[in-house]
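The values are calculated or read from the model by the stated rules, or taken from the named source; none is laboratory data. Since we're looking at a predicted model, the values are computed, not measured. Neighbour counts run over all protein chains shown; Cβ positions are idealised from the backbone, glycine included.
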Amino acid sequence: MRDRKVVMLARRLIHQTGAGHVKWTAAVEENEFLVSFPESSVSISQPEHDRYRFSIYNDMGTRVYSVEPLMEDMSTPVLWGDLRKLYELAQLSALNADEILDDLLVRLGGVS
Amino acid sequence: MGWLDDFWRDTVAAAGIIVSLVGFTIAIYQAWRSRSAAEAVRVAMTQNLTAVDLERAANGIQEIRNLHRRGEWESALYRYRDIQRMLSDVRVRHPNLTSSQRASIQGTIVRLGAIDRRVRETSQTGVNPIESSDDGALLKAQMTLDDLASELKQQV
């Protein structure tokens, strides 16, 4: 049940991040990105190559839930794929990749 | 000339009613204005108190940075939890904060928790537990709170 909710949450975050409605920032740990809401936060990190950790924090900053599915684990391939996608989007959001791309396109607009 | 007496009596009565109505309207308007003014003062005071609380938390982070620089890890570790609680209280006590301001405070609480965990883990190894990136993260948290405080003061 909880895993299904996590998949739902990850997919909503993918959608909202892709649409630019959710803004991620770099967290304290390397390769970790954080998005905060008024009473909770979510982070996605890549502790190792092809491993993703998805964590939820409460209003006191305590990690209340964390999941780190393995790619080879056949019970969690959907979640693993979603987290990989979310990690990529969160990284682009935190690094302001879209804004930089737009700026470059404007600057180089005259060149074909 | 009885009809003339009646005319003047009715006129005076009507004028009296009009004057009363005007007076009543003015009284309502003044009460509404003073209530609006009192409400504006109350909102301004609340905003100012919130800003002061956020500045206190930002000063607390500066204290932590100073303790880290002096190598007083144990004292610093106590302060992390204090500031997290202080920030959590700010959200509860100041419902005037916007959703985005509350989210900024939440992000700061999580960041402080992450640095606290890292310092706790590494301080047990005897190695200098604070890295320059941690001080950068603390500085960022401090600046976030200072910016929020300034934003609230500007709204007053």
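Being within 23 Å of residue B:63 (Cα to Cα) and surrounded by 13 or more Cβ atoms within 10 Å (Cβ to Cβ) is the filter; apply it to segment B:86-100 and report the residue that is nearest to the other protein chains (Cβ to nearest Cβ).
B:88
Out of curiosity, is residue A:51 touching a strand residue (DSSP E or B) at 6+ places or on another chain (Cβ under 8 Å), farther than 30 Å from residue B:88 by Cα and either of a type in the set (Lys, Arg) or modelled with pLDDT of 95 or more (or both)?
On the way: touching a strand residue (DSSP E or B) at 6+ places or on another chain (Cβ under 8 Å): no; farther than 30 Å from residue B:88 by Cα: yes; either of a type in the set (Lys, Arg) or modelled with pLDDT of 95 or more (or both): yes.
No: the conditions fail for residue A:51.
Quick test of your reading of the structure: residue B:18 fulfils all but one of (1) of a type outside the set (S, T, N, Q); (2) assigned to a helix (DSSP H, G or I); (3) closer than 30 Å to residue A:43 by Cα. Name the failing condition by number.
Failing condition for residue B:18: (3).
In the list B:122, B:108, B:50, which residue meets the criterion of being at the interface with another protein chain (Cβ under 9 Å from one of its Cβ atoms) and surrounded by 14 or more Cβ atoms within 10 Å (Cβ to Cβ)? Give the steps one after another, and end with the answer.
Working: B:122 fails: at the interface with another protein chain (Cβ under 9 Å from one of its Cβ atoms); B:50 fails: at the interface with another protein chain (Cβ under 9 Å from one of its Cβ atoms).
Matching residue, one of B:122, B:108, B:50: B:108.
Any idea how many residues of segment B:56-72 are over 25 Å from residue B:149 (Cα atoms) and assigned to a helix (DSSP H, G or I)? It would help to see each step written out before you state the result.
The initial filter retains those residues of segment B:56-72 that are over 25 Å from residue B:149 (Cα atoms), namely B:69-72.
Retained after the next criterion (residues that are assigned to a helix (DSSP H, G or I)): B:69.
Number of matching residues: 1.
For residues that are under 23 Å from residue A:59 (Cβ atoms) and hydrophobic (A, V, I, L, M, F, W, C), scanning just segment B:53-75, find the one that is surrounded by the fewest Cβ atoms within 10 Å (Cβ to Cβ).
Checking each candidate, the answer is B:58.
Among A:44, A:14, which is the only one that is over 25 Å from residue B:112 (Cβ atoms) and surrounded by 15 or more Cβ atoms within 10 Å (Cβ to Cβ)? Outline the logic, then answer.
On the way: A:44 fails: over 25 Å from residue B:112 (Cβ atoms).
The conditions single out A:14.
Matching residues to (1) closer than 30 Å to residue B:96 by Cα; (2) of a type in the set (Ser, Thr, Tyr):
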| residue | (1), (2) |
| --- | --- |
| B:9 | no, no |
| B:15 | no, no |
| B:21 | no, no |
| B:25 | no, yes |
| B:36 | yes, yes |
| B:42 | yes, no |
| B:48 | yes, no |
| B:52 | yes, no |
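Take segment A:46-76 and flag every residue that is assigned to a strand (DSSP E or B), more than 13 Å from residue B:113 (Cα to Cα) and either more than 11 Å from chain B (Cβ to nearest Cβ) or touching a Cys at 6+ places or on another chain (Cβ under 6 Å) (or both).
Matches in segment A:46-76: A:46, A:47, A:48, A:51, A:52, A:53, A:54, A:65, A:66, A:67.
Scan segment A:73-82 and tell me whether some residue there is of a type in the set (D, E, K, R) and free of Cβ contacts under 8 Å to residues at least 60 places away in the same chain.
Applying the first criterion (of a type in the set (D, E, K, R)) to segment A:73-82 yields A:73, A:82.
Retained after the next criterion (residues that are free of Cβ contacts under 8 Å to residues at least 60 places away in the same chain): A:73.
Scanning segment A:73-82, I find at least one residue that is of a type in the set (D, E, K, R) and free of Cβ contacts under 8 Å to residues at least 60 places away in the same chain, so the answer is yes.
Return the total of residues in segment A:6-45 being of a type outside the set (A, V, I, L, M, F, W, C) and more than 9 Å from every other protein chain (Cβ to nearest Cβ).
Looking only at segment A:6-45, we keep the residues that are of a type outside the set (A, V, I, L, M, F, W, C), and these are A:11-12, A:15-18, A:20-21, A:23, A:25, A:29-32, A:36, A:38-41, A:43, A:45.
Cutting the leftovers down to more than 9 Å from every other protein chain (Cβ to nearest Cβ) gives us A:11-12, A:15-18, A:20-21, A:23, A:31, A:45.
Selection size over segment A:6-45: 11.
Taking the condition of being modelled with pLDDT of 90 or more and in contact with an Asp or Glu (Cβ under 6 Å, 6 or more places away or on another chain), how many residues in segment A:59-102 meet it?
Qualifying residue count, segment A:59-102: 1.
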